[in-house]
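Visitor: Submitted below is the structure of interest, expressed as structure tokens.
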Amino acid sequence: MPTSDIVERRTVLIIATLAAFLTPFMGSAVNIALPSIAAEFALDAVSLSFVASSYLLATAIFLVPLGRCADIYGRKRVFTLGVVVFTASALLSALATSGLVLILFRFLEGIGSAMIYGTGIAMITSVFPPEERGRALGINVTAVYVGLSIGPLLGGYLTEFLTWRSIFLTNIPLGIYIVFMIRRHLAGEWADACGERFDIVGSAFYGAMLLAVVYGFSRLPDPGGVAAIVIGVAFSVVFYAWETRVESPVLNIGLLAANRAFAFSNLAALINYGATFAVGFLLSLYLQVVRGLDPGAAGLVLITQPVIQALFATPAGRLSDRVEPRYVASAGMGLTAVGLALLTLLTAATPMTWIVASLVLLGFGFALFSSPNTNAVMSSVDRSLYGLASGMLATMRTTGMMFSLAIATVTFALFIGSTQIGPEVQEPFMTSLRVAFSIFAVLCTAGIFASLARGRVRK
């Protein structure tokens, strides 16, 4: 193998892995700071959820269009711009003067995240051969979990001693360093769909569809929420009709219909993230509001899950290079369902060992699922579709995250209402917690069958 290829692979892996650390670190660190943000800006439970979901909404809306842009105009170019936007919006978020302003800057941060998510994995897949891809993707996923691990711990202490604003400021040096590394060490570019037209109309329909559906879920059970979901479904019909007729679609609908492994691997990712993402959000509130822990101590408990994920993600990715990914991923989905089932029994006096054990199961299950599932998605498509596939997978992940938060928000709306979460609403809060975890456990159980249904990835 030429030395230049080895250097290129190593450089791409380092840059993509650093960026893969950056975005989940921000998300998990902000989760632990939510009670402090709510106190400063007097946000109720539903408004507080938008601090997290606005970021995810923007990411979901722009992932597939920007992934397609990367295939056409260059993955490195879009990736670099994403790091710049993400870093700048982190600075703006640190300077926010109200809850609404923070939510708007978090939305901008989500756009930068979409550029990173939609291209990082595609860049790795572009330079690594199939027999080494699982290991490389496993390293990338490990960086995600390291970010998730450090986020609650560092975020808790930063919030406690330097206020929540310092969380956003810590991301700026790393963002600048990533851009420097790209400019200095990465000369190559990947644009395997160069010359094809970008589907602006389809992208607009796609964004409107997601915006309406996610907003609708956040407003349930209000009639306006139902109406928004109906509008979102109507947009999905228009989007489907347009995408099946346009010459160069933003989302290849035929790929989902014809490629079983691609379709069901993405569905499994949607279900898995939909069943797990809000766990950190809910347990952060539980540990601080119900159990009275300070942000730093709560972070020490929540770090359990991502640490386990970080330890086992790379071995799981390597295993999926040798064993059919659907078997490894399905076993992971099953363990995750067990961990969620344990959390349905949560009370105000549940031993911390029970909570930690549940998080260990969730972490191990998620590690077994994520790397092999990513390997299955990226190995099931032609290289000209790597950006689209990466963006599609990240969209499933982000849409699942939003769906997970939407379920938490709906349970808050049903059992708590528009009041701040505090000791005075402990009983309805615990009820909403148990209902949410029950829904997540059922979802994850269904996800086992979606994971198994993908069929063989290797011929």
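Visitor: Roughly what % of Cα-Cα distances in region 318-362 sit above 15 Å, to the whole percent?
Guide: 51
Visitor: Name the residue farthest towards the positive end of the dipole of the chain from the options Q288, S358, F312, assuming +1 on Cβ of Lys and Arg, -1 on Cβ of Asp and Glu, about the Cα centre.
Guide: Highest projection toward the positive end goes to F312.
Visitor: While we're looking at this one, here's another question. At 7 Å along Cα-to-Cβ for each site, give me the label-to-label distance between L91 and R197 in nm.
Guide: 3.9
Visitor: With labels modelled as points extended 7 Å from the Cα through the Cβ direction, what inter-label distance (nm, one decimal) is found for A234 paired with E424?
Guide: Using points 7 Å along Cα→Cβ, the separation is 4.1 nm.
Visitor: Another question about this same structure. Calculated from DSSP H runs of 4 or more alone, at -39500 (n - 2.57) each and per residue, what is the 222 nm mean residue ellipticity of the chain, nearest 500?
Guide: The per-residue figure over the chain is -28000 deg cm²/dmol.
Visitor: I need to check one value: relative contact order of region 199-247, counting alpha carbon pairs closer than 8 Å and at least 6 residues apart, in percent.
Guide: 40
Visitor: Here's something else I'd like to know. Have a look at F105, Y55, P129 and report the one farthest towards the positive end of the charge dipole of region 10-160, computed about the Cα centre with Cβ charges (Lys/Arg +1, Asp/Glu -1).
Guide: Sorting the options by dipole projection puts first P129.
Visitor: Whole-Hz Karplus ³J(HN,Hα) for region 228-241, in order, using 6.51 cos²θ - 1.76 cosθ + 1.60 and θ = phi - 60°, x for Gly and Pro?
Guide: Per residue, the Karplus-derived 3J(HN,Hα) values read 5, 5, 4, 4, x, 5, 4, 4, 5, 5, 5, 4, 4, 4 Hz.
Visitor: Still on this model: Run the paramagnetic zone check for A453: 7 angstrom along Cα to Cβ, then residues of region 317-332 with backbone nitrogen under 19 Å.
Guide: Only 325-332 pass the distance filter.
Visitor: Another question, if that's okay. Which whole-Hz couplings ³J(HN,Hα) result when phi for each residue of region 123-128 is put into the Karplus expression 6.51 cos²θ - 1.76 cosθ + 1.60, θ = phi - 60°, listed in order with x for Gly and Pro?
Guide: Couplings: 5, 4, 5, 5, 9, 9 Hz.
Visitor: Quickly work out the A348-to-S98 label distance, labels modelled 7 Å from Cα along the C-beta direction, and quote it in nm with one decimal.
Guide: For S98 paired with A348, the spin-label model returns 3.6 nm.
Visitor: Sort T80, T374 so that the residue with the fewest other Cβ atoms within 10 Å of its own Cβ comes first and the one with the most comes last.
Guide: T80, T374
Visitor: Next question, about the same structure. Mind jotting down the three principal axis lengths of region 199-247 based on Cα atoms? Whole angstrom, largest first.
Guide: Largest to smallest, the principal-axis extents are 40, 14, 9 Å.
Visitor: So if R0 is 25 Å, what FRET efficiency would L311 and R184 give, r being the distance between their Cβ atoms, rounded to the nearest 0.05?
Guide: So the FRET efficiency works out to roughly 0.20.
Visitor: Still on this structure: Of the listed peptides 155-162, 50-57, what is their order by residue-averaged count of other C-beta atoms within 10 Å, with the highest listed first?
Guide: The densest-packed peptide leads the list: 50-57, 155-162.
Visitor: Please list 3J(HN,Hα) in residue order for region 405-416, calculated via the Karplus relation 6.51 cos²θ - 1.76 cosθ + 1.60 where θ = phi - 60°; whole Hz, with x for glycine and proline.
Guide: 5, 5, 4, 4, 5, 5, 5, 4, 4, 6, 9, 10
Visitor: For the chain, what relative contact order do you get, as a whole percent, if you take Cα pairs closer than 8 Å and at least 6 residues apart?
Guide: 25
Visitor: Taking the Cα atoms only, what angle lies between the long axis of helix 200-219 and the longest principal axis of the chain, rounded to 10 degrees?
Guide: Helix 200-219 sits roughly 20 degrees off the main axis of the chain.
Visitor: Sorted from largest down, give the three principal axis spans of the alpha carbons of region 309-428, whole angstrom values.
Guide: Projected onto the principal axes, the Cα atoms of region 309-428 cover 55, 31, 19 Å.
Visitor: So for each of 328-334, 99-105 I average, over its residues, the number of other beta carbons within 10 Å; can you give me the resulting order with the highest mean first?
Guide: 328-334, 99-105
Visitor: At q = 0.26 Å⁻¹, what log₁₀ I(q)/I(0) does region 264-332 have when each alpha carbon counts as one equal point scatterer in the Debye sum?
Guide: Result of the Debye calculation: -1.14.
Visitor: Something else about it: With 10 angstrom as the radius, rank D382, D294 by how many other C-beta atoms surround their C-beta, starting from the fewest.
Guide: D382, D294
Visitor: A follow-up question, please. By count of other Cβ within 10 Å, fewest leading, how are R383, R326, R184, R106 ordered?
Guide: Lowest to highest Cβ neighbour count: R184, R383, R326, R106.
Visitor: Let me spell out the model: positive unit charges on the Cβ of Lys and Arg, negative unit charges on the Cβ of Asp and Glu, origin at the Cα centre of region 1-79. What dipole size does that give, in debye rounded to 20?
Guide: In total the dipole reaches around 380 debye.
Visitor: Could you work out how much longer the chain between V323 and A257 gets when fully extended? Use 0.36 nm per residue separation minus the Cα distance between them, nm to one decimal.
Guide: Gain on stretching V323 to A257: 21.2 nm.
Visitor: Continuing with the same structure: Calculate the dipole size of the chain relative to its Cα centre from +1 charges on Lys and Arg beta carbons and -1 charges on Asp and Glu beta carbons; express the result in debye to the nearest 20.
Guide: 920
Visitor: Of the listed values (1) 22.5, 82; (2) 21.6, 68; (3) 20.6, 66, identify the label whose number matches Rg and Dmax of the Cα atoms in Å calculated from this model.
Guide: Label (3) holds the value from this structure.
Visitor: Mind putting a number on the dipole of region 204-334 about its Cα centre? Charges go on the C-beta only, +1 for Lys and Arg and -1 for Asp and Glu, and I need it in Debye to the nearest 20.
Guide: 220
A short reminder: the numbers here are calculations on the coordinates, not readings from a lab. For clarity, every value in this text was computed on a predicted model and none was experimentally measured. Every residue, glycine among them, receives a Cβ derived from its backbone with ideal geometry; neighbour counts consider all protein chains shown.
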